[in-house]
Each structure stands twice: as C-alpha cells, then as structure tokens.
Amino acid sequence: MSETTALGAGGIDPVELFDDPYAVYGRLREEGPVHRITGTDGLPAWLVTRYDDVRQALADRRLSLDKSHGTPGGYRGMALPPALDANLLNMDPPDHTRIRRLVSQAFTPRRIERLRDPVRRIADRLLDARRGDEEFDLIAAYAAPLPIAVICDLLGIPEDSRPDFRDWTDALVAPDPTRPARARDAVGRLLAFFTGLLADRRRSPGDDLLSALIAVRDEEDRLSEDELMSLAFLILVAGYENTVHLIGNAVAALLAHPAQLAALRADPKLLDGAVEELARYDGPVPLAIRRFPVEDLTIGGVTVPAGETVLLSLAAAHRDPRRFPEPDRLDLTRDATGHLTLGHGIHYCLGAPLARMETAIALTALFDRFPDLTLACPPQDLRHRSSMRSRGLVALPVRTAAPRD
C-alpha cells in the first residue's frame, strides 16, 4: 500500500484524472493493488486497482452498498432525499433481492429484443434530422437523445417532459463545485417531476413499466412509496446516463482508430464483440458505486477497516495487463468478455441487454448513414466532463459527407 494519495489540490491534477483516468489509475495500479486516497471532494477512501481484486470485491457480500454501514466523515456518494435514495444502488439483500425481482421482468432478453425495431426507428429519426449537415455534435444530436427516448418510452414519460433530463442528470453526476445550487435545484426538480408523474399515472394508468410498478405498490404492497419513486428515478438516470457515454465513447474510439472502424464495417459479424471491447476500452463508469466493509476486510493483501469507503476502479481493472494483454490497444477482435463495465455479482446491471442492444444499433445506424464520418477536431482536443462518477464527453464534433440512405 502506498502513502495516502490526493486526487485534487496538492496531489493528482483533476483535469488529468478526468481527461485520462487510465494513465492516473494505471500508475496507481502498478504501484500497488490498494491505495489510501483523498478524493477530489477531500474525503478519504480506499482505491482498489487490479482486475482480480476489483472483480472479487464486486461480488463480495461483505462489501455493503448500504450507507448505514459507512463510518462518519467518509465518502458516501451522491446526497439525495429519501424519496430518491431508497434505490438498488444503496441496498443489500433481502431488500435488494425483493426489488430487483420486481423490476427484472422488464429487462429480460426477450422483452429487450422486442424493442429492437423501435430503437432503430428512433436512431433513424435522429439521423434524418442531421440530413445535409456537414458538421454536428454527436452527443447532443444522437448519443444523448437516443437513450433518453428509449428509457422514457419504457417508463411512459411524456415526450414534452424529456428535454430537461439531460440538464438535471448532468448537474447530479458531473456537479460544478462553483455552482452547488445547481445540483440542489436538479434534485428538487427531479423530486417534483416524479411526484407529479406518479400521481398522473395513478389517475390514468398506461401500458408502461411505471404503471406496472405502481400497481405492484398499490395493489400488492411490495414496494414502499419511497422505493417506488427511487426505483423510477434509478431506471431513468442509469438507463440514460451510462448508455449516452457508452455510445459517445464508442464512436469517439472508433473515429480515433480508423483501421478498427474499417474492420468493423468490412465484417459486421464483429459487432457484438466490438461492443464488449469498446465498453472495456473506454467505458462510461471509471469507478463502481462506493462500498462499505461490514467487517475488517483484506483486499489485495491490505486490511481495510469496517465502515470505511471502498472505491473499485473499473478504469484501472480494464487496462490491467494481467487480465487483458496490451490493454491500451483497441482491438475489436479481442475477447473482452469479463469486462466489468456492467458490473458483476448480484449488482450486475439490470439494463445490460438494453445497453448492449442500443449501442450496437446506434453504431450500425450511424455508420450506415454516414460511412465517411470523421472527427471534426483532433482527438486530443476532445474534453470530458469533470466527474469521477462517469466518463463522458462534453461534446463530440463530427464531420460528414453526403449521407447514404
């Protein structure tokens, strides 16, 4: 274990951490498997960096997601009111098992497959809107509105309510320390929105996931009111936030590696494996959700006291040469199964089949429509959001020739 490492003032430059977490976490990984750190928020935590340790920790039931197991003064993650905080990312069994079982039927492979044609229609509509454009921001025009439309359709959220979601989630996941009121305002607006939406669905149920969850709450009493609202909030934010950046990062990686993109276009059978490799190479989640040991725990030969915060670095694990040879090289023929972008163990992402399908369709539709798509700026000029919670581009300017129908 190294001395305490500061991620911020007096330590590692946050700009470097946000723009290239692989270099920062990679240096820490090679120095040792577990580090005592001070985060950019000034709070202490333990950072786990090597693939085998990270994977094992993700499935270790002694590492709790329940904040009540954390010691005072440690990093707790996003601060939310109880009506939004009673979600799967803060729960252990048996509550986690009960709620996950209730919602899992919405995300079975069979049900997700039925969304394939609607997702393709949404992608085509968004690309139709760019017809004739020589240049556009792929995040704002495509990578963000596609998953918003899909998850909102799933939940039954009206179309005229959707434009604000990106601003609200950005304020929570990539908070601006100079504007703390912005995050508080976003929490208040989300809480008010879901309160109103649940009331509307109770008055007029529809054929959507949210109406089904309300029926479970009201008729079968298997959800508390806070659990119902928190679950709707989590499905929206997780279903949107991670997929936006999975798509955006994948397109940026392919455009920065034209030989790999050419190989994919020449052999569409590479697509499924390519999605896995792109998720490994530059995924949307550099750190797994914080955990708290319920007892003193040895990780990577280091004893972590009960109650202290543990951060699992997926960014470091995915570039660990002990698991992925030449990990800094994008290789669409690589067997990248076993990557941890979508989690591992009981907290494996419920929406994984949907995220994979959306990304595959988004890439296929984009490069079918714009086969000559290129970056409109040098790759080194792309800037990432200032967030330790997610890795996503502020913008992705692209240039296209005449579209091909």
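Restricting to the chain, compute how many DSSP beta bridges are antiparallel as a %, nearest 5.
Numbers: 18 of 25 bridges.
Just about 70 percent of them are antiparallel.
In the Gaussian network model of the chain, springs joining C-alpha atoms below 10 Å, which of Ala262, Ala183, Ala274 carries the largest mean-square fluctuation?
Answer for the Gaussian network model of the chain: Ala262.
For the chain, return all DSSP H helices satisfying: extent of Cα atoms along own axis at least 27 Å; mean Kyte-Doolittle hydropathy at least 0.5.
Sorted by number, the helices that extend far enough and score high enough are 225-256.
Please state, rounded to one decimal and in Å, the Kirkwood hydrodynamic radius that the range 27-123 gives when every pair of distinct Cα atoms enters the mean of 1/r.
Numbers: mean 1/r = 0.0591 Å⁻¹.
Over the range 27-123, the inverse of the mean reciprocal pair distance is 16.9 Å.
Give me the Kirkwood hydrodynamic radius of the chain, using the inverse of the mean 1/r over all pairs of distinct Cα atoms, in Å to one decimal. Don't skip to the answer; put the middle values down first.
Numbers: mean 1/r = 0.0456 Å⁻¹.
Roughly 21.9 Å, rounded to one decimal.
Rg to Rh ratio, the range 307-405, alpha-carbon atoms and Kirkwood radius?
1.01
Calculated from DSSP H runs of 4 or more alone, at -39500 (n - 2.57) each and per residue, what is the 222 nm mean residue ellipticity of the chain, nearest 500?
The per-residue figure over the chain is -14000 deg cm²/dmol.
With a cut-off of 8 Å between alpha carbons and a minimum separation of six or more residues, what is the relative contact order of the range 2-399 in percent?
The normalised contact order for the range 2-399 reaches 27 percent.
Arrange Trp168, Trp46 by Cβ neighbour counts within 10 Å, fewest through most, would you?
Fewest to most other Cβ atoms nearby, the residues stand as Trp168, Trp46.
What order do you get for 302-309, 313-320, 124-131, 385-392 when each peptide is scored by the mean count of other beta carbon atoms within 10 Å, highest first?
Most protected by this proxy first, the peptides run 313-320, 385-392, 302-309, 124-131.
With the cut-off at 1.5 for a/c, could you classify the range 192-335 from its C-alpha gyration tensor as rounded, prolate or oblate?
oblate
Test of understanding: ordering His69, His35 by Cβ neighbours within 10 Å, fewest first, what list do you get?
His69, His35
Arrange the following residues from fewest to most other Cβ atoms within 10 Å of their Cβ: Tyr348, Tyr281, Tyr22, Tyr240.
If I rank by nearby Cβ atoms, fewest first, I get Tyr348, Tyr22, Tyr240, Tyr281.
The numbers here are math on the coordinates, done by the rules we state, and not lab data. Quantities reported herein were computed from a predicted structural model and do not represent experimental measurements. Using ideal geometry, Cβ is built from the backbone for each residue, glycine included, and neighbour counts are taken over all protein chains shown.
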